[in-house]
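Everything below concerns the one structure shown next.
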Amino acid sequence: MKKEETVKLISAEGFEFVIDKKAAMVSQTIRNMLTSQVVSLKPSMEKLPSRR
């Protein structure tokens, strides 16, 4: 799997998950973050709120 085809999700606790981009796009929240009009030279690191 190519790096462009994956997404790295990092939890508030610091756990890292590398998953297929198609699987990540199932989540509307993640899809909105990945398809937003924000242009960045570096991959963005969005922090999602914790749900406890």
Report the label-to-label distance for residue 25 and residue 9 in nanometres (one decimal), using points 7 Å from each Cα along the Cα→Cβ vector. 1.6 nm
At R0 = 22 Å the Cβ-Cβ FRET efficiency linking residue 36 and residue 16, nearest 0.05, sits at 0.50
Show me the ranking of peptides 9-19, 26-36 by mean Cβ neighbours inside 10 Å, starting with the highest. 26-36, 9-19
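Read-outs throughout are calculated quantities, based only on the coordinates presented, and are distinct from any laboratory measurement. Fair warning: this is a prediction, and the values are worked out from it, not measured in the lab. No Cβ is skipped: glycine too gets one built from the backbone with ideal geometry, and neighbour counts run over all protein chains shown.
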